[in-house]
Amino acid sequence: MELNIYAYKCKRCGQLHYPYKTICKKCGDNDHNEFDIVALPKNGKLLTYTILYNPPSDFEVAALYLGIVELEGGMRITGQLDIKNPKTGMKVAGKVEVVRKDGYKKHLGMVFYQV
């Protein structure tokens, strides 16, 4: 079963929201249940990135690469990068995976790989 990250599409104007908003930022008068849930695309372009050389211990890595990716369709998302030498503008593909562990609890998030 493939895992996804979901956006929320306004039923009135079609604006996508990620993360969830209680009111549409475009038309401004939505009720709480006036959104359709849609899976975000997983391919995109790396806009910028940073490297954390001292991440919290529950990440279990020496350096944590994080990037902002513009997905197909224009939505932007922050995710981890599993790329040795990231470059701004490069094409990436994402996959929902475990990004950190907290005891027995596993936290899922988007991890991007070079295409």
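Assorted remarks:
Conditions tested, residue by residue: (1) outside any strand (DSSP E or B); (2) at pLDDT 95 or above; (3) surrounded by fewer than 17 Cβ atoms within 10 Å (Cβ to Cβ).
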residue	(1), (2), (3)
70	no, yes, yes
80	no, yes, no
89	yes, yes, yes
92	no, yes, no
100	no, no, no
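- Taken over the range 26-57, the residue count meeting the criterion of being in a loop (DSSP other than H, G, I, E, B) and in contact with a strand residue (DSSP E or B) (Cβ under 7 Å, 6 or more places away or on another chain) is 8.
- Among the conditions (1) charged (D, E, K, R); (2) surrounded by 13 or more Cβ atoms within 10 Å (Cβ to Cβ); (3) closer than 20 Å to residue 107 by Cα, the only one that residue 34 does not satisfy is (3).
- Residue 20 among the hydroxyl-bearing types (Ser, Thr, Tyr), in contact with a His (Cβ under 7 Å, 6 or more places away or on another chain) and surrounded by 11 or more Cβ atoms within 10 Å (Cβ to Cβ): no
- Neighbours by Cβ (under 7 Å, 6+ apart or cross-chain): first from the range 52-71, closer than 15 Å to residue 86 by Cβ; second part of a loop (DSSP other than H, G, I, E, B) and among the aromatic types (Phe, Trp, Tyr): 63/53
- For residue 45, the criteria (1) touching a Phe, Trp or Tyr at 6+ places or on another chain (Cβ under 8 Å); (2) among the charged types (D, E, K, R); (3) closer than 26 Å to residue 115 by Cβ hold in every case but one, which is (1).
- Unmet requirement for residue 4, which otherwise passes all of (1) part of a strand (DSSP E or B); (2) within 15 Å of the chain's Cα centre (by Cα): (1)
- Cβ-Cβ under 7 Å pairs, at least 6 apart or on other chains, the range 89-115 side without any contact (Cβ under 8 Å) to a residue 40 or more places away in the chain and within 14 Å of residue 58 (Cβ to Cβ), far side surrounded by 11 or more Cβ atoms within 10 Å (Cβ to Cβ) and of a type in the set (D, E, K, R): 98/106; 107/100
The values are calculated or read from the model by the stated rules, or taken from the named source; none is laboratory data. All of these numbers come straight from a predicted model, not from anything done at the bench. FYI the Cβ positions are ideal-geometry reconstructions off the backbone, even for glycines, and counts take in every protein chain you see.
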